[in-house]
Amino acid sequence: MRALTLVGITILATGVVSAGIVVGCENQHLAQQQAVSGGGGSGNLGASASIQQLMKERGLREADVTAALKTYVPTGKMDEYYLFTSGGQSGNVNVIGVPSMRILKVIGVFSPESWQGWGYGGDSNKIIEKGAQGPHRLYWADTHHPNLSEMKGDYDGKFLFINDKANARVAVVDLEDFSTKQIVANPLAASDHGGTFVTPNTEYVIETSQYPAPLGREYAPLDQYKDKYRGVVVFWKFDRTKGRIDPAKSWAIELPPYTQDLADAGKLDSDGWAYINSLNTELATGGTLQGKPPIESGASQNDMDYLHVINWKKGEELVNAGKTKTIAGMRVLPMDVAGAEGVLTLVGEPKSPHGCDVTPDGKNVVVGGKLDTHVTLYDTAKMKSLIEQKKFEGKDIYGLPVMGFKDAVTGQVEIGLGPLHTVFDDKGNAYTSVFIESVVAKWSTKDLKKPVEKLKVHYNIGHITAAEGDTVSPDGKYVVAMNKMSMDRFLPVGPLFPQNFQLVDISGDKMQLLADLPIGNSEPHYAQMIKADKLKPLKVYKPGTNPYTDQIDPNRVEGGKERIVKNGNKVEVFMTAIRSHYVPDQIEVDEGDDVTLHITSLESAEDQTHGFTIDMYNVHVSLEPGKHDNISFKADVPGTFPFYCTEFCSALHLEMAGYLLVKPKQH
Ligand code: RUQ
Ligand code: CUA
């Protein structure tokens with residue numbers, strides 16, 4: 001009831017404070033509330049008194065009331081932005097409305113998601129299984145960086161990509177139906193982090209390895225780290241018409257084993273380039289139990305780590321010219337070729353860099369430093385000309401050219417303790433997340449002076465994301481601070497605390513903290529925020545659509561054509577679902593039969609979803625209007641198994657059921 005009370009306040013407040021506070025009394029609902037609370041002509045006074053009283057009772061300050069007014073979205077109204085956040089260790093993607101911070105959906109991606117029947121016996125299983133690494137089917141992921149598809153450097157609202165750091169994989173989600181369409185397993189790397197980042201027309205989805213390992217998942221002892229271990233960046237070719245990554249047209253560049261971290265693609269002036277930071281040029285591999293010093297620790301001639309500057313357009317040419325070797329089925333441009341041809345060039349980064357963000361105009365790359373107080377801005381044009389003129393300061397231990405730090409940078413900004421990631425607005429300002437200090441630091445990309453403002457966030461901010469923030473034209477309305485810790489913010493729920501998203505209004509001169517959203521399913525890492533009107537999601541499927549193939553399913557079932565076909569020990573059931581029954585609703589098979597259920601929803605009305613599950617068989621699918629799915633299982637347990645609809649679809653939902661009878665074998 002508390003939330004309702006709060007809602008009450010904001011409604012009442014809007015009614016009265018229309019003179020003083022931002023949101024106008026623009027909708028009927030509010031007007032009615034005002035009338036109710038105030039009662040006619042002198043209503044303002046009455047309402048005002050009750051707001052004051054409510055504020056007093058609940059201990060709210062004026063700033064709280066304005067924050068509530070800026071975030072409250074009345075019933076029947078919709079949010080202005082979608083926030084797509086990584087679901088972290090849940091392996092999925094969370095979809096949140098901004099500014100209300102209401103959770104709209106959790107999209108099943110790498111991990112089974114039972115509401116959507118994602119990974120519970122239907123054709124979605126085939127997508128998850130294609131994401132296997134080696135012999136292992138994977139049912140979990142550590143998702144980090146979602147990226148929206150772009151055209152001309154602007155989000156186009158069509159697709160979302162996301163990486164799995166733990167198992168080096170990339171997934172494609174179609175924003176027409178908010179459904180995962182593909183998971184590709186990186187055949188070269190053993191983990192990834194610098195992904196997913198798209199090039200400005202989504203020509204490629206970039207995925208960079210994190211922990212170096214022999215490419216192609218070979219064995220090599222750690223004392224061969226320098227020679228055998230490698231990093232790698234994969235350029236996954238995206239086929240926009242098919243809505244799928246084309247692994248056969250994808251390729252990679254071999255990188256030194258420097259623990260590559262985050263990445264970003266150039267844009268506008270720097271289109272055709274990509275940038276990757278790194279954090280272990282000492283090639284340390286530990287050995288803690290043996291008390292050993294890190295291997296190669298003394299051999300590093302440079303006290304800096306390296307930003308990797310990559311000319312991917314040139315790389316593409318060399319790959320097409322056949323300058324590659326093939327490892328684990330993928331074309332890989334060798335490191336020495338990439339270095340000699342100007343495809344891969346290094347430049348120093350202050351110790352322990354993190355974050356790698358290209359400014360909206362494409363002119364700079366901003367790199368933070370976990371243990372440094374600065375962000376460093378690298379000038380993309382200067383670096384391009386240094387590479388063209390081959391003006392280098394030296395070489396790294398692998399013979400890769402290294403540009404002079406002073407020659408390559410625009411400058412540095414003194415930010416504070418532990419600057420990580422940086423996002424941008426429409427006025428030339430940058431917003432850097434500062435982990436140790438727990439603040440968002442606002443500074444100007446025009447003068448590179450100290451931050452003009454620091455906003456406290458709670459606590460230990462990791463990523464930060466901005467409205468349309470990674471495009472060539474950010475909106476400058478909101479940022480979301482993605483905080484790792486939330487001590488004292490929420491009702492306690494045991495030793496595993498939720499993470500804390502904090503919505504911040506950046507449209508005015510001063511930043512204003514508006515709302516907290518506890519994230520109770522993971523550590524989400526990154527998110528992207530897109531204007532809601534750019535998306536045109538489907539409301540119902542074309543009759544018989546299998547969303548996992550995007551085709552009308554060849555086994556689609558039309559009304560009146562339902563049947564059961566038995567062929568030896570194979571049983572195929574062609575079934576339909578419509579309010580509130582299945583045809584057929586009695587299925588009898590023999591123990592040991594291979595059963596396939598082809599189920600089509602005959603519904604065509606919006607939001608008329610059914611589900612389907614069978615007792616004990618670990619089967620569940622969601623049947624949105626028009627959808628078709630195919631479920632296969634072995635009837636290996638004899639007995640009587642009710643099946644039923646799992647979505648409260650109608651008054652007779654409980655009656656939407658049937659029986660699977662599995663007749664025991666005669667012994
Ligand atoms: S990074 S730990 Cu996105 Cu700051 Cu993964
Ligand atoms: Cu169909 Cu419940």
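The values are calculated or read from the model by the stated rules, or taken from the named source; none is laboratory data. Given the structure is predicted, the values throughout are model-derived calculations rather than measurements. Virtual Cβ from ideal backbone geometry, glycine too; neighbours counted across all protein chains shown. Side chains are part of the model used for accessible areas, which takes the heavy atoms of the whole protein and leaves out ligands, DNA and RNA. Shrake-Rupley method; radii C 1.70, N 1.55, O 1.52, S 1.80 Å.
Only one of Thr545, Thr576 is open to solvent by less than 80 Å² (accessible area, probe 1.4 Å) and closer than 25 Å to Phe110 by Cα. Can you tell me which?
When all the criteria are applied, what remains is Thr545.
Considering only residues that are in a loop (DSSP other than H, G, I, E, B) and of a type in the set (Gly, Ala, Ser), which ones fall in segment 102-125?
Residues satisfying the conditions are Gly108, Ser111, Ser114, Gly117, Gly119, Gly121, Gly122.
When you check Asp336 against the structure, is it among the charged types (D, E, K, R) and either closer than 16 Å to Val423 by Cα or within 16 Å of ligand 2 (Cβ to nearest atom) (or both), yes or no?
So Asp336 does not fit the description; no.
Do you know which of the residues in segment 268-287 that are among the hydroxyl-bearing types (Ser, Thr, Tyr) and assigned to a loop (DSSP other than H, G, I, E, B) is nearest to ligand 2 (Cβ to nearest atom)? Outline the logic, then answer.
Quick first cut of segment 268-287, residues among the hydroxyl-bearing types (Ser, Thr, Tyr) only: 270, 275, 278, 281, 285.
After this cut, where a residue has to be assigned to a loop (DSSP other than H, G, I, E, B) as well, the list is 281, 285.
Details: Thr281: 59, Thr285: 56 Å.
Filtering first and then ranking leaves Thr285.
Which of the residues that make up segment 561-570 are farther than 30 Å from Ser650 by Cα and part of a loop (DSSP other than H, G, I, E, B)?
Correct list: Gly568, Asn569.
Let me spell it out: the conditions are (1) modelled with pLDDT of 95 or more; (2) open to solvent by 50 Å² or more (accessible area, probe 1.4 Å), and Val367 meets all of them except one. Which number is the exception?
Only one criterion is unmet by Val367, namely (2).
Taking Leu289 as meeting all but one of (1) closer than 20 Å to His354 by Cβ; (2) without any contact (Cβ under 8 Å) to a residue 24 or more places away in the chain, write down the number of the exception.
Checking Leu289 against (1) closer than 20 Å to His354 by Cβ; (2) without any contact (Cβ under 8 Å) to a residue 24 or more places away in the chain, the one that fails is (1).
Considering Lys384, Lys390, which residue is touching a strand residue (DSSP E or B) at 6+ places or on another chain (Cβ under 8 Å), of a type in the set (D, E, K, R) and surrounded by fewer than 17 Cβ atoms within 10 Å (Cβ to Cβ)?
Result: Lys390 is the single residue among Lys384, Lys390 that is touching a strand residue (DSSP E or B) at 6+ places or on another chain (Cβ under 8 Å), of a type in the set (D, E, K, R) and surrounded by fewer than 17 Cβ atoms within 10 Å (Cβ to Cβ).
Residue pairs, Cβ under 6 Å, 6 or more apart or interchain, first in segment 638-655 and in the same structural domain as His610 (by TED's automatic domain parsing) and within 8 Å of ligand 2 (Cβ to nearest atom), second small (Gly, Ala, Ser) and not in a loop (DSSP other than H, G, I, E, B). List them.
Tyr644/Ala657; Cys645/Gly611; Thr646/Gly611; Glu647/Gly611
Could you pull out every one of the strands (runs of 3 or more DSSP E) wholly within segment 212-267 that has 2 or more residues that are open to solvent by 10 Å² or more (accessible area, probe 1.4 Å)?
231-239
Could you pull out the residue among Ala527, Ala466, Ala430 that is touching a Pro at 6+ places or on another chain (Cβ under 8 Å) and within 17 Å of Gly368 (Cβ to Cβ)?
Just one listed residue meets the conditions, Ala466.
Within segment 300-332, restricting attention to residues that are at pLDDT below 95 and open to solvent by 40 Å² or more (accessible area, probe 1.4 Å), which residue is farthest from the chain's Cα centre (by Cα)?
Gln301
Output yes when any residue across segment 85-96 is part of a helix (DSSP H, G or I), surrounded by 20 or more Cβ atoms within 10 Å (Cβ to Cβ) and at pLDDT 95 or above, and no when none is.
There is at least one residue in segment 85-96 that is part of a helix (DSSP H, G or I), surrounded by 20 or more Cβ atoms within 10 Å (Cβ to Cβ) and at pLDDT 95 or above.
Which of the residues that make up segment 626-646 are of a type in the set (Val, Ile, Thr), open to solvent by 10 Å² or more (accessible area, probe 1.4 Å) and either within 16 Å of ligand 1 (Cβ to nearest atom) or assigned to a strand (DSSP E or B) (or both)?
Thr640, the sole residue that qualifies.
Do we have any residue at all in segment 270-281 that's of a type outside the set (Lys, Arg) and farther than 22 Å from Met383 by Cα?
Yes, that holds for at least one residue.
Show the residue pairs that are 6+ apart or on different chains and have beta-carbon atoms under 7 Å apart, the first residue being within segment 540-552 and outside any loop (DSSP other than H, G, I, E, B), the second being aliphatic (A, V, I, L, M) and at pLDDT 95 or above.
Close Cβ pairs satisfying both conditions: Thr545/Ile552.
With the requirement that a residue be open to solvent by 20 Å² or more (accessible area, probe 1.4 Å) and closer than 23 Å to Ser622 by Cβ, what does segment 549-563 give you?
Thr549, Asp550, Gln551, Ile552, Pro554, Asn555, Arg556, Glu558, Gly559, Lys561, Glu562
Table: residues versus (1) farther than 20 Å from Gly117 by Cα; (2) open to solvent by 20 Å² or more (accessible area, probe 1.4 Å); (3) not aromatic (Phe, Trp, Tyr).
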| residue | (1), (2), (3) |
| --- | --- |
| Val571 | yes, no, yes |
| Val589 | yes, no, yes |
| Val595 | no, no, yes |
| Ile614 | no, no, yes |
| Glu624 | no, yes, yes |
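Give the residue, chosen from Val493, Val480, that is at pLDDT 95 or above, over 22 Å from Met151 (Cα atoms) and buried (at least 24 other Cβ atoms within 10 Å of the Cβ).
Criteria check complete, one pass: Val480.
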